[in-house]
Amino acid sequence: MEHGLADPLRAGPDRVLVTGAGGQLGVALLETFPGARGLTRADWDVTRPAPVLEAPTLVLHAAAWTNVDGAEDDPQGAAAVNVGGTANAAALGAPLVAFSTDYVFDGDKAEPYVESDSPNPQSAYARTKLHGEAAAGERAWIVRSSGLFGWTSRNFVRTMLRLGAERDEIAVVDDQRTAPTFVGHLAAAVRDVVELPYGVYHVAAAGNCTWAEFAEAIFEEAGLDCRVRRITTAEFGAKAPRPANSVLRSEKGAPTLPHWREGLRACLARLDMTGV
Ligand SMILES: NC(=O)c1ccc[n+]([C@@H]2O[C@H](COP(=O)([O-])OP(=O)(O)OC[C@H]3O[C@@H](n4cnc5c(N)ncnc54)[C@H](OP(=O)(O)O)[C@@H]3O)[C@@H](O)[C@H]2O)c1
């Protein structure tokens, strides 16, 4: 379905609403859309109906349950946020950008996943995100991305920097291939996504790597002397299954992002390590 707004931003930046404004992507979206109204979880728990607000003209829905392993223990809690919360965001009545994940795929494909590939989620988290895509309604851009990292919150880059400063060696999974994506690059691409027809888009960093390769790049770029011991997913033993390949590519003209290594450098240049 085509969207009916030539530019959903035309009504003014203050009519753009960002949910999950305290998360790493929410923070980046607020920077990319200056003047947008950001609601943190304290402002609006998205499992509840929205507070009374001036009607937004565009909703950037970044609030989510993102604890992949935790969702295995509490799938209903995860669904309340990722499905119910997305339905509540859609109920605001404005065009919606809903963020989703590479984990909707099972990882068995040898090539990158394109938008027309069939999802086959393997974890409770991924199932809630796929149902959340449906809950976004018809006036929505579903932006699937992968391995998000930014200068705030909990993420792989910040965890590696903390552990790499404490240890000589760290074991990292080397049989899951993805495209770690810098939230600053993803947030900037959202400006272009909202010029496209509604629908599903794959928007992730160029290039790809395993988590072990990414960890090595982090230590190299940060000048940390920490070895990476490459282990398997089975050895790591996380609760939730994860796809072996979750590299995303767009066959629909979604905006292309810089290479993940460029994203890593941009992130390191402005990292705030307080509270990591
Ligand atoms: N992180 C990744 O690797 C990744 C990969 C692909 C796609 N995505 C998707 O990208 C989007 C943004 O993720 P992110 O990395 O920015 O995650 P994040 O840093 O965990 O941010 C999510 C935010 O949502 C908030 N939140 C959780 N439950 C809420 C609720 N009931 N009501 C309101 N806010 C709530 C969280 O608050 P608390 O901190 O208080 O819980 C947090 O501030 C999500 O849709 C995620 O599924 C993420």
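Laboratory data are not the source of any read-out in this text; all were calculated from the coordinates shown. Since we're looking at a predicted model, the values are computed, not measured. So basically every Cβ, Gly included, is an ideal-geometry build from the backbone, and we count neighbours across all protein chains shown.
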*Filter pass, Ala78 being over 18 Å from the mean Cα position of the chain (by Cα) and not β-branched (Val, Ile, Thr)*: no
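Considering only segment 98-118, state which residues are in a strand (DSSP E or B) and either near the ligand (Cβ under 10 Å from one of its atoms) or among the hydrophobic types (A, V, I, L, M, F, W, C) (or both). Walk me through it before giving the result.
Applying the first criterion (in a strand (DSSP E or B)) to segment 98-118 yields 98-101, 113.
The answer is Ala98, Phe99, Ser100, Thr101.
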*Which listed residue, of Ala188, Ala240, is surrounded by 17 or more Cβ atoms within 10 Å (Cβ to Cβ) and outside any helix (DSSP H, G or I)*: Ala240
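Per-residue answers, yes or no, for (1) more than 20 Å from the chain's Cα centre (by Cα); (2) farther than 30 Å from Arg127 by Cα:
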{"residue": "Phe219", "(1), (2)": "yes, yes"}
{"residue": "Thr233", "(1), (2)": "yes, no"}
{"residue": "Ala244", "(1), (2)": "no, no"}
{"residue": "Gly253", "(1), (2)": "no, no"}
*Could you please find all residues in segment 55-79 being touching a residue at least 60 places away in the same chain (Cβ under 8 Å) and among the charged types (D, E, K, R)?*
Asp69, Glu72, Asp73
*Taking segment 19-42 only, how many residues are more than 8 Å from the ligand (Cβ to nearest atom) and of a type in the set (D, E, K, R)?*
2
*Filter segment 87-97 for residues that are part of a loop (DSSP other than H, G, I, E, B) and over 13 Å from Pro51 (Cα atoms) and give the result.*
Gly93, Ala94, Pro95
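Only residues that are buried (at least 21 other Cβ atoms within 10 Å of the Cβ), among the small types (Gly, Ala, Ser) and in a loop (DSSP other than H, G, I, E, B): list them for segment 246-267, please.
Taking segment 246-267 and keeping what is buried (at least 21 other Cβ atoms within 10 Å of the Cβ), we get 246-248, 254, 257, 260, 263-264, 267.
Add one more test, that the residue is among the small types (Gly, Ala, Ser), and what stays is 246, 254, 263.
Within segment 246-267, Ser246, Ala254 qualify.
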_Checking Val52 against (1) near the ligand (Cβ under 10 Å from one of its atoms); (2) under 21 Å from Gly35 (Cα atoms); (3) without any contact (Cβ under 8 Å) to a residue 24 or more places away in the chain, only one condition comes out false. Which one?_
(1)
